[in-house]
Amino acid sequence: MAEVLEGRPVTKGNSGELSATCTQGQEEALNGLDRIREAAAKDKDLRFTNLMHHITIDLLRASYYELKRNVAAGIDEVTWHEYGEQLESRLLDL
């Protein structure tokens, strides 16, 4: 009988650990990125040709909120707070 974690079966190659607590779309993107990370670690010569489908507005938004808020401005001299004032439109531009 397969082990079940948080309502999901734990199968061979699946540690059962979730990447983060987030929406289903974010979880799927993070799991996809975890698989990419694992593949890259196993084969240093591996070439990735199409990764854009892993980059979503939700993932970019979550990444923004994971950044440290009170660090120096970037090379563009925009602080975390200033960038966040127009976050949604900036994310769409990305």
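The values are calculated or read from the model by the stated rules, or taken from the named source; none is laboratory data. Quick caveat, the model's predicted, so the values are computed rather than measured. Cβ: placed from backbone, ideal geometry, glycine included. Neighbour counts: every protein chain shown.
The table below gives the values:
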quantity	calculated
Only one of ALA29, ALA62 that is touching a Ser or Thr at 6+ places or on another chain (Cβ under 6 Å) and either modelled with pLDDT of 90 or more or not in a loop (DSSP other than H, G, I, E, B) (or both)	ALA29
Tally, over the range 32-51, of residues that are at pLDDT 85 or above and either surrounded by 10 or more Cβ atoms within 10 Å (Cβ to Cβ) or under 12 Å from the mean Cα position of the chain (by Cα) (or both)	9
Residue that is over 18 Å from the mean Cα position of the chain (by Cα), of a type in the set (Ser, Thr, Tyr) and at pLDDT below 85, where the choices are THR79, THR11	THR11
